[in-house]
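Here the structure is laid out as structure tokens; the discussion comes afterwards.
Only the coordinates and a few stated rules stand behind these numbers; no lab work does. In this text the structure is predicted, and so the values were computed from the model without any measurement. Counting neighbours? That spans all protein chains shown, and the Cβs are built from the backbone with ideal geometry, glycine included.
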Amino acid sequence: MPGDPGSRASETKMKTLLVVGLGNVLRGDDGAGAYACLALARRWARRSGWAVRRGDGAAEGPEVEGGRVRVRFLEGILDPFAVLEAVQAPEVRRCLVLDAVRAGLSPGETVRWELRELEKEGGSGVLASLHGVDLLQVLELGRLAGLGRGPRLVVWGIQADPGCLWGRRLSPSVGRGLRSLVLAAERELAEWVRAERAAGAADA
């Protein structure tokens with residue numbers, strides 16, 4: 001029940017891992033992150049056996065809960081400030097971002113960055129799915145507004161084909177590479193879940 005103190009205490013103890021799929025599915029390969037997030041959400045819910053709760057918003061995928069860990073999936077968000085709000089939520093421990101990238105790789109090739117690596121290497125412009133606003137710029141705005149650094153953030157990207165940035169279909173190269181992106185993200189997410197469960201057991 002909403003007013004049940006026990007329910008509120010249980011909610012507080014739940015550790016949230018956030019998966020954000022960026023991109024516009026109406027712009028070809030730009031939507032790869034959103035497609036990958038949806039595929040990962042379905043795969044995780046099916047393979048984990050966890051309880052599934054649908055999100056409240058149109059851009060929200062399921063929330064999957066098990067063993068005091070919640071995985072929240074958000075896809076297709078184009079509003080930079082909505083992304084900032086989701087990432088900076090106090091209950092979020094770690095955030096996994098899936099996105100199409102411009103990293104000079106072969107179309108369909110995947111790449112992984114820690115947030116600090118992108119910041120150190122001047123990665124602004126590599127990620128630009130938020131109506132042309134870079135994810136790093138959004139996070140910097142949050143810091144300037146006094147929101148702090150937020151959770152640990154990892155980006156898994158897939159190189160977009162510059163000739164396929166319109167329409168509902170992915171390019172053949174990105175379509176083939178999408179499974180590799182989903183599986184890589186799934187492995188990382190599984191490691192995070194194990195780490196959070198181990199930390200919870202140590203704190204108990």
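Data table
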{"read-out": "Loop-located chymotrypsin sites (Phe, Trp or Tyr not before Pro) in the stretch 131-196, at most 15 other Cβ atoms within 10 Å (DSSP)", "value": "TRP166"}
{"read-out": "In nm, spacing of pseudo-spin labels at ARG102 and ARG152 (7 Å Cα→C-beta vector)", "value": "3.1 nm"}
{"read-out": "Trypsin sites (Lys or Arg not before Pro) restricted to DSSP loop in the stretch 168-203 with at most 13 other C-beta within 10 Å", "value": "ARG168, ARG169"}
{"read-out": "18 Å reach of a label modelled at LEU183, 7 Å along Cα-to-Cβ, counting backbone N of the stretch 84-110", "value": "108-110"}
{"read-out": "Phi to ³J(HN,Hα) by Karplus 6.51 cos²θ - 1.76 cosθ + 1.60 over the stretch 29-39, Hz, x for Gly, Pro", "value": "5, 4, x, 4, x, 5, 4, 5, 5, 4, 5"}
{"read-out": "Extended-chain gain in nm, criterion 0.36 nm per residue less alpha-carbon gap, ALA82 and ALA198", "value": "38.7 nm"}
